[in-house]
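Here's the structure, in structure tokens; my notes come after.
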Amino acid sequence: MSASFSWDEPEGLAARGTLIVLAGRGEHGGVYERFGRRLAFDAYRVRALGDAGTDPTVLDEAAKLLADESLPGPKVLVGSDAGALYAARLAAEQPAGVAALILAGLPTTPWAGGSWAAEVEARTACPTHQGRLTNDPDVRRGSLDNTSDLPAFDLDRVRVPVLALHGKDDAVSPVDQALRAYAGHPAVRTVTFAGGRHDILNDALHRTAAATVVLFLERLRLSSELPAIAEGLV
């Protein structure tokens with residue numbers, strides 16, 4: 001069974017929704033602690049699971065969380081790297097309970113780093129997160145080189161709003177290729193980050209990425225049509 005990492009809203013606040021995070025290649029849910037704590041501070045519950053490509057129980061656990069009536073809605077699937085592919089597949093095959101998708105660093109083409117130094121630099125520009133990955137014995141080095149068993153990306157059967165986040169300096173999955181993958185899907189809102197690398201939720205711009213996610217969630221709480229609630233943002 002996949003280990004689930006949990007972060008809850010502060011005591012005394014009503015939870016505003018639940019995020020179910022599917023980690024990327026080589027990662028586990030604990031890698032998203034910083035993201036989870038930040039979203040929990042804004043009263044969203046966060047449950048982070050591992051790499052569905054190597055742990056077949058991850059998608060089953062995600063489906064159970066979606067069906068868990070003790071977790072508040074709206075329930076949003078968040079996928080990073082390969083987790084984005086699995087989140088999209090789960091939303092298409094088991095849509096019940098999924099209010100929206102947040103897809104970060106969508107993988108598009110094979111990538112060969114050749115060394116851990118190259119991989120960690122491609123993952124994130126944040127020195128804190130680079131250290132976290134390097135010193136974490138449960139992070140599987142070289143995993144970004146593996147693309148053979150990844151599911152195809154298909155949003156044709158997805159019927160919920162999608163927020164797509166991507167770094168403009170993503171060397172693992174070039175931004176132009178990611179934007180082409182999202183093209184033709186009117187439910188997708190894409191946000192690109194100047195200087196952003198592959199692990200955009202854990203990159204140097206992680207605060208901006210988290211703020212973008214919160215704004216999306218607040219709009220989603222009003223309606224699946226995502227009405228504007230803040231105009232003229234700088």
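The values are calculated or read from the model by the stated rules, or taken from the named source; none is laboratory data. Predicted model only: the values in this text are computed from it and were never measured. For neighbour counting, all protein chains shown are included, and Cβ atoms are generated from backbone atoms with ideal geometry for every residue, glycine included. For the accessible areas, the whole protein counts, side chains as well, though only heavy atoms, and no ligand, DNA or RNA atoms are used. Shrake-Rupley method; radii C 1.70, N 1.55, O 1.52, S 1.80 Å.
Please sort through the DSSP H helices of the chain and keep those with an alpha-carbon extent of at least 15 Å along the long axis and a Kyte-Doolittle average not below -1.0. Result, helices passing both filters: 82-93, 206-222. Phi angles of the range 152-169 translate, via the Karplus equation with coefficients 6.51, -1.76, 1.60 and θ = phi - 60°, into HN-Hα couplings of 5, 8, 8, 9, 4, 9, 8, 10, 10, x, 10, 9, 10, 10, 8, x, 5, 10 Hz per residue; Gly and Pro are given as x. Just need the relative contact order of the range 1-104 here, percent rounded to a whole number, with Cα pairs under 8 Å and 6+ apart. Result for the range 1-104 is 32 percent. The residues of the chain expose, per residue, 44 Å² of accessible area to a 1.4 Å probe. With all protein chains in place and a 1.4 Å probe, the accessible surface of the chain carries 51 percent carbon and sulfur. Label-to-label distance for S223 and A152 is 3.5 nm, based on points extended 7 Å past Cα in the beta-carbon direction.
Treating each Cα of the chain as an identical point scatterer and summing with the Debye formula, the log10 of I(q)/I(0) at q = 0.14, 0.16, 0.18 Å⁻¹ comes to -0.82, -1.12, -1.47.
Which percent, nearest 5, of DSSP beta bridges in the range 1-72 are antiparallel? Roughly 40 percent of the beta bridges in the range 1-72 run antiparallel, per DSSP. Measuring between their Cα centroids, the range 161-234 and the range 70-96 lie 16 Å from each other. Taking label positions 7 Å along the Cα-Cβ direction at both D169 and E69, the computed distance is 5.0 nm, reported to one decimal. Of all beta bridges that DSSP places with both ends in the chain, some 10 percent have antiparallel geometry.
Remark on T190: its backbone amide H falls under 5 Å from those of A164, a criterion applied only to residues 5 or more positions apart or on other chains, H modelled at 1.01 Å from N.
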